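The block underneath contains the structure these notes are about, expressed in structure tokens.
Coordinate-derived values only; no laboratory data. Quantities reported herein were computed from a predicted structural model and do not represent experimental measurements. Cβ: placed from backbone, ideal geometry, glycine included. Neighbour counts: every protein chain shown.
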Amino acid sequence: MWNYTERVMDHFRNPRNVGLIPDADGVGEVGSLACGDALKLTFKLDEKKERIVDAKFQTFGCASAIASSSALTEILKGMRLEDAERVTNQNIAEFLGGLPEQKMHCSVMGREALEVAIANFRTGRTGKKILAGKVVCTCFGVTEEEIERVVGDNDLTTVDQVTNYCKAGGGCGHCKVDIMNIIDRIQREKKRKAAADAATGPRRLTGLQRIRLIEETVNREIRPLLQRDGGDIELIDVDGNRVVVSFRGMCAQCHVAEFTLRDVVQAKLREFVSEDLVVEEDKA
Amino acid sequence: MKLVYLDNNATTQPAPEVIAAIQPFLTEHWGNPSSMHAFGGKVAAPVETARAKVAALIGADPSEIVFTGCGTESDNMAIRGAVDAAHGRARVIVSRVEHPAVLSPCRYLQQAGHSVVELGVDEGGSLDMARFEEELEKGPAIVSLMWANNETGVLFPLRKIARMVKDAGGVMHTDAVQAVGKLPIDVSKVPVDMLSLSAHKLHGLKGVGALYVRRGTRLQTFLLGGHQEGGRRGGTENVPGIVGLGKAAELAAAHLADGEMDRVASLRDRLESGLLAACPDTRVNGDRAHRLPNTANISFEFIEGEAILYHLSDIGVCASSGSACTSGSLEPSHVIRAMGVPFTAAHGSIRFSLSRYNTRDDVDFVIERMPAIVERLRKLSPFTAHP
């Protein structure tokens, strides 16, 4: 059995807002019988057409697809339309207390249906998903744009993750190389942007901002590298240019930890925060 | 809540008689049958008794039974052992609906440069015999075709198939993991060279299986190690598991003889016709005339299998599904796809598999409760047969 949260099971057993709004302002239909899951979302706006007053859904799919759809309608009710446009699949997953990694595509289906429904309201365009742009995965009809979106929104780094999030690559597998190229491109762009921000950063960083940036860099750039080898790192203190960290897990007993300290931790912090940082290990 | 266990093709309840039989081998007689002392030697005889019981269940000679760790190991041992014994490039013929325990090693062999042919099936799950004949005419091959399909219960005509393979000078293996104990099997009448079986599918324990290897079959040892099993399979014997398998085989033979599986078949038929009558837009997957007595594979159209299983689980009913979501993959089971089940029905296929421990009450409970579950999910679904 899947390790579903209590909230997932609750929304599966007692789905909220089931049905269709007959005179809906927005309609979004995604998925198909062939794909194994599908969602039809309808919403109704207030008089001023600014706020969502009601949302209903119909879903064909597994327990987490039904729960994700139910969660989406609960999130949307009462929300301003401009805020609804910023709802991500992560918001849906978080609302449910998380979803198993292989089921994240259920939350993405919710976000997609919402996008189609809002586009339907704004442009009067069809309420069905149309494949625009280059189709990368022909088995599940996933476009380059969609893959870029899930990689960016969820900070994905592997093809398997992309398959879990939007199904691309889950059929014949021929598109896996294309997916890998998209991941590499998005991640490169992200790094370049982060580096550019960092390069212009130090001059106008306050002490607090600087500590936050160090913390972010440790979490985003350094920790995943160490965790890959069963290690971990903790930020202990920042004192002027001195950054004090402590190694955890495998790193704590690693005889090359001092090289990791200099070549990974210090190098990354200098790259993303400031060239004058010196990193020390807290041996206490 | 009462447990209604209808997932016996996944695993079965260990028979109380099996548990009683293994008990002394967990407590008192824990020696190693290979040891050169009387204490260890005491467990050698029970292992041989178990071997004789397994042999008797399938009409083999005890010397032709090799105990293994599971059905998957038996399949690997048979196919990879036969390919290795063939020295050089081998030709392997299987069907597209084999269990992964057969398909995965075959794909491994294909990558290693051997030729593997996967035969298709028709919509009822029956083998493409014309294509099979064509392939056999191309020369000797190592053939592995299942006796009964685990998802649909559909039977391949093994007697005919084995005869054809032997006439063509090939090696014949069958994965009979789902068939042993449910059908009378007699290798003295069906000329298979090798046959896989697994204890936990016939009310034995998990972690023990067997491979029947007909005397004279050329087979390279797969699991290399000690001299156990006459040098055919290394590793200290799982004595409690083997004793349990022997007991399970003895019980299965008795139940087959006294018509117990006919009772299971009538329960299955009652469940199947009951569900088809109670729930609209349902269909049976697989040729109903040539099936295991215990298996029903039913598609509930326009709804999805995992959701059905979770609702069934909430009322204590255990079954399984060929839907994409239950497997962790994104496509419905390879068996359902190979049969060309229409996509309206592929994701909503549910397998009910019974055993001799099921009762009429179990079946009637499911028939009574299923329509509400189907109705509930169909109300949620944007698809319908009657727009």
_So, in segment A:81-106, how many residues would count as being within 14 Å of another protein chain (Cβ to nearest Cβ) and either touching a strand residue (DSSP E or B) at 6+ places or on another chain (Cβ under 9 Å) or of a type in the set (G, A, S) (or both)?_
2
*Can you name every residue in segment A:136-172 that is aromatic (F, W, Y) and over 27 Å from A:R228 (Cβ atoms)?*
A:F140
*Which one is nearest to the other protein chains (Cβ to nearest Cβ) among residues in segment B:322-332 that are surrounded by 21 or more Cβ atoms within 10 Å (Cβ to Cβ) and within 21 Å of the chain's Cα centre (by Cα)?*
B:A324
*With respect to the numbered conditions (1) out of contact with any strand residue (DSSP E or B) (no Cβ under 9 Å at 6 or more places or on another chain); (2) among the basic types (K, R); (3) farther than 15 Å from A:Q266 by Cα, which one is the sole condition not fulfilled by A:R220?*
(3)
*May I ask you to say which residue of A:L269, A:L225, A:L213 is in contact (Cβ under 8 Å) with a residue 24 or more places away in the chain, under 26 Å from A:D160 (Cβ atoms), surrounded by 14 or more Cβ atoms within 10 Å (Cβ to Cβ) and not acidic (D, E)?*
A:L225
*Could you please find all residues in segment A:158-175 being in contact with a helix residue (DSSP H, G or I) (Cβ under 8 Å, 6 or more places away or on another chain), in a loop (DSSP other than H, G, I, E, B) and without any contact (Cβ under 8 Å) to a residue 40 or more places away in the chain?*
A:T158, A:A168, A:G169, A:G170
*Collect the residues in segment A:6-50 that are part of a loop (DSSP other than H, G, I, E, B), in contact with a helix residue (DSSP H, G or I) (Cβ under 9 Å, 6 or more places away or on another chain) and of a type outside the set (A, V, I, L, M), keeping them in residue-number order.*
A:N14, A:P15, A:R16, A:N17, A:G19, A:D25, A:C35, A:G36, A:K49, A:E50
*asked:* Suppose we filter A:A113, A:A38, A:A65, A:A71 for residues that are within 30 Å of B:I373 (Cα to Cα), crowded, with 21+ Cβ neighbours inside 10 Å and more than 12 Å from chain B (Cβ to nearest Cβ); which single one remains?
replied: A:A71
*Scan of segment B:164-188 for residues that are part of a loop (DSSP other than H, G, I, E, B) and either over 10 Å from the mean Cα position of the chain (by Cα) or not hydrophobic (A, V, I, L, M, F, W, C) (or both), ordered by number*: B:A168, B:G169, B:G170, B:Q178, B:G181, B:K182, B:P184, B:I185, B:D186, B:V187, B:S188
*Which of the residues belonging to segment B:333-359 are in a loop (DSSP other than H, G, I, E, B), more than 7 Å from chain A (Cβ to nearest Cβ) and not basic (K, R)?*
B:S333, B:M339, B:G340, B:V341, B:P342, B:G348, B:L354, B:S355, B:Y357, B:N358, B:T359
